[in-house]
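For reference, the structure is listed below as structure tokens.
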Amino acid sequence: MPEKLVTFLTTRAQYARIKTVLLGIQESTELDLEVVLSGGATVHDYGDLRPVLKSDGLEINHELTNLLDGGSPVAQAKTTGLELIEYSSVINECDTDALILTGDRFETMAATLAASYQNVPVCHFEGGEITGSIDDKVRHATTKMSDYHFVSTERSKRIVESLGENQDRIYRTGCPSIDIAAEIERNRSDHYDPQEEYGGVGDRVDVDEPYIVVQYHPLPTEYQSNYEKTRLLIEAVNRLDVQVFWFWPNMDAGTDQVSKAIREYREEKAPDGVRFFINLEPKDYLTLVSNAACVVGNSSVGIRECSYFGTPVVNVGNRQSHRERGPNVVDVECETSAIEEALRTQIKHGEYDPSFIYGSGGAADRVIDILTSITFERKEPMSPEQAGVQPEVKDTSPR
């Protein structure tokens with residue numbers, strides 16, 4: 001009987017990270033996949049994944065409504081609590097052999113905690129990375145509650161080991177999303193126009209001329225300043241004579257502030273040559289990014305996939321400040337003049353040589369080979385030796 005694996009999908013970016021692995025599991029005769037859709041993945045404003053999964057041939061086995069809107073820290077915390085309750089019920093009903101989870105989001109932590117208390121092993125992807133935000137706490141906590149670790153880089157592997165995880169359960173496979181990037185590179189098309197398929201809102205962009213891609217997400221740890229920082233980014237981009245594809249933010253705390261600033265810019269300025277999108281399918285989004293003159297914002301796409309493409313990137317602020325990066329990335333504070341100057345420099349520089357920090361493709365094949373070789377079980381409690389300390393020796397001397 002095939003091993004049953006359950007995955008929880010909550011965002012467009014999360015799916016892009018794990019898509020090739022999920023498709024590989026579905027094709028395997030030794031593994032069985034169930035998909036649970038929840039959170040922002042069921043909401044149009046954050047990128048409804050239902051049509052995407054249908055197009056990719058993935059069945060949605062469970063669909064949950066558990067996202068509290070409002071964009072505040074308390075809404076994010078309460079959403080985590082709701083997800084913990086609902087995920088616990090789904091895991092209990094599924095009779096699963098293991099969970100497949102990725103990343104550093106609050107939804108991932110909720111699913112991992114629910115699985116841990118029900119003695120269900122967890123396979124976690126993208127552990128050991130350091131970004132410089134609240135995500136680090138979530139990611140490392142998830143690592144400690146997980147049983148098998150599929151990491152993207154050598155540094156990540158060392159960090160997971162330093163957290164006391166057994167080396168025999170840590171697998172450096174590369175990032176599965178690079179599989180999609182590698183496919184795009186093999187079939188490179190310099191002309192891709194998402195406006196034909198997805199529409200979007202705003203002025204039309206001529207994809208045969210240079211354009212930039214903007215993807216800026218809120219920082220929950222800087223909740224009060226997200227609106228003002230988005231305005232500073234808008235002003236920097238608006239100073240350039242360049243076309244723009246601008247994407248809506250994720251649903252982290254502060255999303256209402258980022259969205260408000262973008263909406264005001266779109267409606268009050270009606271900028272020429274700027275097109276606004278909520279979401280594209282992973283392959284389409286990465287194709288657009290691969291052809292961009294520059295990517296600006298604070299999305300991990302600029303750090304991970306763009307390093308493979310060699311696309312110039314201006315990384316703004318602290319959201320990705322400690323993540324491993326290639327030479328294609330320039331880091332700046334969220335200040336209008338600094339962003340503008342960096343954008344002009346990066347656009348002038350043009351494409352960089354590719355970097356393979358996060359892999360060069362084939363990650364999903366390696367993951368499937370490993371998954372089919374595992375007899376899933378929970379890890380043993382961490383020993384003092386794994387924590388780097390000596391076990392206590394009882395004092396048996398007479399008193």
Every listed condition ((1) at pLDDT 85 or above; (2) on the phi < 0 side of the Ramachandran plot) holds for residue 45 save (1)
The correct count of residues that are in contact with a Phe, Trp or Tyr (Cβ under 7 Å, 6 or more places away or on another chain) and of a type outside the set (S, T, N, Q) in the range 210-229 is 3
Are any of the residues in the range 128-138 assigned to a loop (DSSP other than H, G, I, E, B), within 21 Å of residue 368 (Cα to Cα) and in contact (Cβ under 8 Å) with a residue 60 or more places away in the chain? no
Requested in this report: Go through the residues of the range 365-384 one by one and say whether even a single one is modelled with pLDDT of 95 or more, under 18 Å from residue 126 (Cβ atoms) and buried (at least 23 other Cβ atoms within 10 Å of the Cβ).
Outcome: yes
Note: among 89, 72, 28, 55, just one is small (Gly, Ala, Ser), outside the structural domain of residue 287 (by TED's automatic domain parsing) and either crowded, with 24+ Cβ neighbours inside 10 Å or within 21 Å of residue 145 (Cα to Cα) (or both), namely 89
Mind checking whether some residue in the range 111-122 is surrounded by fewer than 17 Cβ atoms within 10 Å (Cβ to Cβ), out of contact with any strand residue (DSSP E or B) (no Cβ under 9 Å at 6 or more places or on another chain) and within 19 Å of residue 387 (Cα to Cα)?
no
Counting only residues in the range 266-286 that are of a type in the set (D, E, K, R) and over 24 Å from residue 305 (Cβ atoms), the one surrounded by the fewest Cβ atoms within 10 Å (Cβ to Cβ) is identified as 268
For the range 85-113, pairs from a residue that is closer than 19 Å to residue 25 by Cβ to a residue that is of a type in the set (Phe, Trp, Tyr), with Cβ under 6 Å and 6 or more apart or across chains, are 97/376; 98/376; 102/125; 111/8; 111/87
With criteria (1) among the acidic types (Asp, Glu); (2) surrounded by fewer than 17 Cβ atoms within 10 Å (Cβ to Cβ); (3) over 30 Å from residue 121 (Cβ atoms); (4) at pLDDT 95 or above, residue 340 comes up short on (2)
Residue count, the range 271-303, condition over 22 Å from residue 55 (Cβ atoms) and in a helix (DSSP H, G or I), comes to 3
Restricting attention to the range 71-97, the residues that are at positive phi and over 21 Å from the mean Cα position of the chain (by Cα) number exactly 1
Taking the range 9-35 and the residues there that are β-branched (Val, Ile, Thr) and over 29 Å from residue 276 (Cα atoms), the one that is nearest to the chain's Cα centre (by Cα) would be 21
Output for Cβ contacts, cut-off 9 Å, separation at least six or different chains, first residue on the phi > 0 side of the Ramachandran plot in the range 54-67, second of a type in the set (A, V, I, L, M), reads 57/23
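The values are calculated or read from the model by the stated rules, or taken from the named source; none is laboratory data. These numbers were taken from a predicted model, which means no experiment stands behind them. All Cβ positions, glycine included, derive from the backbone under ideal geometry; neighbour counts span all protein chains shown.
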